[in-house]
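Bear in mind these aren't lab numbers, they're just calculated from the coordinates by the rules spelled out. Since the structure is predicted, the reported quantities are computational estimates derived from the model, not experimental observations. For neighbour counting, all protein chains shown are included, and Cβ atoms are generated from backbone atoms with ideal geometry for every residue, glycine included.
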There are 2 protein chains.
Amino acid sequence: MQADLLDPSSLAPLFRPASIAVIGASTDPGKHGTIPLVHMKTSGFKGPLYPINPRATAVQGIQAFPRLLAVPGPVDLAIIAVPEAQVPHAMRDCAQKGVRAVVLFTSGFAEIGEAGARAQEEVKAIARAGGMRLLGPNCMGLINFANGLVATFHTAFGPGLAPKGRIGLITQSGAFGGLAYQVAQDRALAYSLILTTGNEGDVDVADGIAYLADDPETAVIMLYVEGCRDGRKLALALARARARRKPVICLKVGRTEAGIAAVASHTAALAGADAIFDAVFRQHGVYRCASMEEFFEIGYAASQVSEPPSGPRVGLITVSGGVGVLMADAAAARGLEVTPAPQQLQDGIRAMVPFAATRNPIDVTGQIVSDMGILERAIEMTLAAGFYEAVACFVGSIGRSPVNGPRFMEAFPRLRRRFPETLLAVTCYYTPQFRAALDQAGCLVFDEPTHALRAIAALTQFRRAFDAIPAAPAPLPAREKLPTAPCDEATALAILARAGLPVVPHRLVRSPAEAAAAAETLGLPAALKIVSPDITHKTELGGVALGLATPEAVRRAFDEVTARVREAAPQAALAGCLVAPMVTGGVEAILGTQWDPVFGPVVMLGLGGVFVEALNDVTFRLAPFYEAEARRMIAELRALPVLQGARGRPPADLAALARALAQLSRFAAAQGPALRSLDINPFLVLPQGRGALALDAVLLPA
Amino acid sequence: MQADLLDPSSLAPLFRPASIAVIGASTDPGKHGTIPLVHMKTSGFKGPLYPINPRATAVQGIQAFPRLLAVPGPVDLAIIAVPEAQVPHAMRDCAQKGVRAVVLFTSGFAEIGEAGARAQEEVKAIARAGGMRLLGPNCMGLINFANGLVATFHTAFGPGLAPKGRIGLITQSGAFGGLAYQVAQDRALAYSLILTTGNEGDVDVADGIAYLADDPETAVIMLYVEGCRDGRKLALALARARARRKPVICLKVGRTEAGIAAVASHTAALAGADAIFDAVFRQHGVYRCASMEEFFEIGYAASQVSEPPSGPRVGLITVSGGVGVLMADAAAARGLEVTPAPQQLQDGIRAMVPFAATRNPIDVTGQIVSDMGILERAIEMTLAAGFYEAVACFVGSIGRSPVNGPRFMEAFPRLRRRFPETLLAVTCYYTPQFRAALDQAGCLVFDEPTHALRAIAALTQFRRAFDAIPAAPAPLPAREKLPTAPCDEATALAILARAGLPVVPHRLVRSPAEAAAAAETLGLPAALKIVSPDITHKTELGGVALGLATPEAVRRAFDEVTARVREAAPQAALAGCLVAPMVTGGVEAILGTQWDPVFGPVVMLGLGGVFVEALNDVTFRLAPFYEAEARRMIAELRALPVLQGARGRPPADLAALARALAQLSRFAAAQGPALRSLDINPFLVLPQGRGALALDAVLLPA
């Protein structure tokens, strides 16, 4: 991880070049090297363009040069579209010319295997030595709508460029970028910038996010991601976007085995376990989508509002009772609150429509067929009540009605202007004109009622994430001197205790008498376990004795346990036994850390027991983090009710669990790659107010 | 439950009347009583229409009559649209005239409360006495596209009627019916019949399903449901639809507390726990949707195919690698199999496009930009391989391209005709003309790639459900003579044993000596529990002793347990103690039955342990059912891996569990309402081949 990669100022020549050369520009307008020039004739790019072509004197009517070095003025950005064999030569020319950024379209690098990967390393080395940022190889380039830079050979972007919007899109799939541009034409979606990263020889998704986080033209960031090589960098970039209060919407593919296999056969190897990606997204308030329509619709919603709603209360207004129920279900299922309307509002609605449902949803019923004013007034009254952070209306086919369409094309924008504090989402069947009028006014428009609630919930989630940004990264403790080989449980527990985690009182003993004395001091009944750096699965070898009620029982157990283990594992070095008091009650959790090759130190939480292990009810976070993040992590467990005291059990000490998770995360982060993994199993969470205790731990150094 | 309600022949006058009277027809064309006549002037209804109006001589140019009894010919169907106070009178006229079915639009009945409910009972009584089927009150009527019957006052249905299709739609919300009709105009959706059931005074959703199951015009049934009063009748109707191999797609609202509250404020009280609805849908192969767009899209897909695909293998073809990954994820997440393409097919694709991904997804890459024939041939080769039951293609914006659109408007229909056995789903951005050409040919068309896979998975599920229809309902055992008051564990276990369930060997003993002798006979170590009809929670009162290793320990335990319970519950009648051998190993399950007021006897399955109880990992079925259904029930548990032998445990005896569930379901069904509930907890499922055992049971008679 190189923190300076997140200094986006070095990307300025890539996104805002003063001058551009195209190496491989051709007189054939369909060639990859010509298309950017065709695009930029009409896209409004202001700086000089230099086609490079050994034979032509002009390309697309622009003066051409036989070599880059023949260009008279300085060149900020070079677009390279020559065959793979000529790329190193072209790159060296760029370095010599003082080019500051390169977009490399050419394929045939890491995506085709070993030889290509070597060629890519050579290209990267030239870029690095020349101080040039490199986009690609094997990429479709980028489009900056703010300055008319169209450095792509994708044909979807011409002729003419769509108007500039507020969405920055970064995609690892070039074809997806073209689709995203086309989809935008059907919706009120508009981009500030589209970046395709291809093989990510240098500039990757994280670089793009960091740039967009600081880009004043961009308010919303959308990502299409298949994997990444540096998960810490990605997390840092996401944290920066969140700090700037820019919603990030992500379509991360490769969730299933079939999907991961498809990724592998489609791009240069990219990595990262999907569950960790998921954790990183939750940790940084990223909204993850499961479909293209969700991706574009949440992106649209985020780009329509200047500030997401500050709370979860949603008022529902409907012309169909049935759809009202569907909306209430959708809202509740996504964590919004379908709070009953204030009495005064209910009375007001009922005064207009005696049979209306008024609680929430407000169902103005078929009455509106005879008097559309009723619907308009019901919406106005609900907004005026100022009680809901968002109001979602289902108004049927009004958006297509020749009579009522124009009325509401005027009414919704007026209401939006009058009540700018409340998010106003309208679902209906509409004409393009109707939709445009509402979009223009900053309403959210949908044709599916559940999608309106999905979008409101997403926006509310963004706001919650923005409001929960930690003031500073969690501070790290000093690095611990870890053992260099697998260590025994006593050593592991001692390290945990030094790291500030609560550990069961214990003593390492070397004789039956010592064992009995320790048990009397620490408290009976006692547990006794063999201690050996060579043995991980103590129970299986007979190395554990539990519930020892008397000193005599402890004494006997020492001999028995030692004898059993000697027989079962004659090679194992035995350090003695560990004596601890039996601790009962509470809920058994599993806490762990591991060094992930992509994401670095990751903390895991799960609840103990065979059922939950089988159900894979675990959750992850990148280390380090604060207790507030640990609490969100705990809240993600499906088995949360067990900790909250389901079925008459006392609620567990969640504060102690959160403290331990945060502490463990800082410990893991401080150790870095020196700590391969640490498993605390069980970690006993006692009833509220009584804390928590690590009962056993396995620590593996790198 | 009245089985004859499922004889749909009595509904013929409602759906296929030879003649219709409209009571409350008015000279004002906007009135509820006039709209059906306006509609039917152009809808193609062939029989005589009789407007009934005390003052007018003609309505909408049709001769009117002052009273129904003044109509000269017979009247099959009467539409009533008079104010609530005049409804009983109108109904009596109908009975006297020999009318056979009534559509009652009028509101102000059960939906407004107690008084309205009484008025509704009166109307029902008149209908019953007169031998008339009654649709409504408070309903929007029905439309039969086969004969031009438009017995509704919803204004959406005119002028003119959309062409007849294959979908029968039944909705409890009238407004939803109007929406569904409007939505259909945008898609290749067409109805055979639309039925709105309103307050369901007589004809309910189940009646409608039963009718449509037999209706030759209807191939697909779509339901909008908020609740029901007779869950057994609904289940019978769904079983009939499944027996006729007609896919049923359902939007059931009221999933969440907020949704249920909204239902209550919107219609006459309808009932039924959502979890049981869910079980009934799964039991009968109904596809349940979570949004309107899903509802209409699955309905569309089902109506497009004549027979759903016979297997789960899906071939994916894409022009964007990224979208290919998304499709693979979506397919796998929904249980489809993204099986690698046969080698010959892969070789053929690679011969055309050297850099193509060929495994599955098949990614023909940007190559197609220069040669669209590649895409067409890739699809053709995949279909010709005959390896996949369904093929899903993502072809980007081809459906809008002026150059390539026409080519593929011809190619897809041609491929569809050539390979009719394989489902062909196309996702792209399209013009209406492009879509229509593909729809016409029986392709499935989508604008979202994940939705294509969702639809294919839904169709595959229908096929699986059709192919798993049991030959006959499960036969019931004789009715058991149940105790009339709460009974003790020994009695409950004895009843279970007689019902054919495996029960732990046990003996009821009345003295320490008897206890010791029983334990020696049955096997040591033993368990001993107090037996009393007055005590349900034995453990809490100290009424259980476990792991008794010797006869002496059993003897002592008898006295101790009895003494403890006498002290803790001095009022309880003690029948003695129950002695049984300790059984260990295996997985603890919970089996239960309960008499549900809406659905009758319901069987529940969950796994034991506080975690799973907290996670609410339980599943239900209506009793009775066969073992095959029990196996599907078991497969729905999230904790299934525990039973399958997760983490080195032996797999459990699933056959024994399925047998016990089926047996229990038949027992519960035979008892009917006499059995309030029966809980077997724990029901120990032993390792494979070793069976299963009920260890404890609580039986509550009605």
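Miscellaneous remarks
- Averaged over B:290-300, number of beta-carbon atoms from partner chains that fall within 10 Å: 3
- Taking the fewest neighbouring Cβ atoms within 10 Å as the starting point, the ordered list for B:296, A:355, A:394 is A:355, B:296, A:394.
- Computed from backbone phi with θ = phi - 60° and the Karplus coefficients 6.51, -1.76 and 1.60, the 3J(HN,Hα) list for the range B:673-689 is x, 5, 9, 6, 7, 9, 10, 10, 8, x, 10, 8, 9, 7, x, 2, x Hz; x is used for glycine and proline.
- Taken about its Cα centre, the range A:587-701 carries a charge dipole of about 260 debye when Lys and Arg each add +1 at the Cβ and Asp and Glu each add -1 at the Cβ.
- The local environment of residue A:278, defined by Cβ-Cβ distances under 9 Å, has a net charge of +3 under the rule Lys, Arg +1 and Asp, Glu -1.
- When each of B:559, B:28 is scored by the number of other beta-carbon atoms lying within 10 Å, the sequence from fewest to most is B:28, B:559.
- Shielding of B:249-259 by partner chains, average beta-carbon count, 10 Å: 6
- With K and R counted +1 and D and E -1, the other residues having a Cβ less than 14 Å from that of residue B:520 yield a net charge of 0.
- The range A:194-206 - phi-based ³J(HN,Hα) in whole Hz, Karplus 6.51/-1.76/1.60, Gly and Pro as x: 10, 10, 10, 9, x, 6, 6, x, 9, 5, 10, 4, 4
- If you plug the beta carbon distance of residue A:513 and residue A:571 into 1/(1 + (r/R0)^6) with R0 = 25 Å, you get a FRET efficiency near 0.40.
- Separation between Cα centres of the range A:170-205 and the range A:87-145, rounded to whole Å: 19
- Protection proxy ranking, highest mean first, for peptides B:202-210, A:44-52: B:202-210, A:44-52, where packing is the per-residue count of other beta-carbon atoms within 10 Å, averaged.
- Considering only the protein assembly as shown, percent of DSSP beta bridges that pair antiparallel, nearest 5: 50
- Long-range Cα-Cα pairs in the range B:562-602 (distance over 16 Å), rounded percent: 68
- Set of lysines near residue A:233 by C-alpha distance (under 24 Å), chain-local residues within fewer than 8 positions excluded: A:124, A:246, A:252
- Alpha-carbon centroids, the range A:645-695 and the range B:208-263: separation in whole Å: 48
- Measuring spread by the Cα atoms of chain A yields a radius of gyration and Dmax of 31.1, 100 Å.
- Cα convex hull of the protein assembly as shown, projected area averaged across orientations, nm²: 58.1
- Zone residues, the range B:72-90, relative to residue B:129, backbone N less than 15 Å from point 7 Å out along Cα-to-Cβ: B:87-90
- Rg to Rh quotient for the range A:288-334, alpha carbon positions, Kirkwood Rh: 1.02
- Estimated [θ] at 222 nm from DSSP helical runs (n ≥ 4, -39500 (n - 2.57)) normalised by residues in the protein assembly as shown, nearest 500: -11500 deg cm²/dmol
- About its Cα centre, the dipole of the protein assembly as shown is roughly 1500 debye, where the only charges are +1 on Lys and Arg Cβ and -1 on Asp and Glu Cβ.
- Applied to the range A:312-322, the Karplus parametrisation 6.51 cos²θ - 1.76 cosθ + 1.60 on θ = phi - 60° returns per-residue 3J(HN,Hα) values of x, 7, 10, x, 10, 10, 9, 9, 10, x, x Hz, with x for Gly and Pro.
- With a cut-off of 15 Å between beta carbons, the residues surrounding residue B:690 carry a summed charge of 0, where Lys and Arg count +1 and Asp and Glu -1.
- Taking a straight line from the alpha carbon of residue B:46, these lysines sit under 19 Å away, with near neighbours fewer than eight places off in the same chain left out: B:164.
- All lysines inside 16 Å of residue A:538 as judged from Cα atoms, apart from same-chain residues fewer than 8 positions distant: A:529
- Scanning residues 5 or more positions from residue B:607 or on other chains, those with amide H under 5 Å from its amide H are B:590, with H placed 1.01 Å from N in the peptide plane.
- When the range A:231-360 is reduced to its Cα atoms, the Kirkwood hydrodynamic radius in Å: 18.2
- For the peptide B:168-176, the mean number of other protein chain Cβ atoms found within 10 angstrom of a residue's Cβ is 4.
- Here chain A is assigned +1 on the Cβ of each Lys and Arg and -1 on the Cβ of each Asp and Glu. Its dipole about the Cα centre then comes out at about 1320 debye.
- Rounded to whole Å, sorted largest first: equivalent-ellipsoid semi-axes of the range A:9-138, Cα gyration tensor: 22, 17, 13
- Kirkwood-type radius of the range B:305-466, with distances r between different C-alpha atoms, in Å: 15.3
- Cα lying deepest toward the dipole's positive end in the protein assembly as shown, options B:53, B:606, B:624, charges on Cβ: B:53
- Amide hydrogen neighbours beyond the local backbone of residue A:618, cut-off 5 Å, H modeled: none
- 0 to 90° range, to nearest 10: angle between helix A:404-418 axis and chain A longest Cα axis: 60
- Distance between the range B:579-628 and the range A:492-519 - C-alpha centres, whole angstrom: 44
- This ranking places A:9, A:291 by how few other beta-carbon atoms lie within 10 Å of each, fewest first, which gives A:9, A:291.
- Rg over Rh [alpha-carbon atoms, Kirkwood Rh] for the range A:156-229: 0.96
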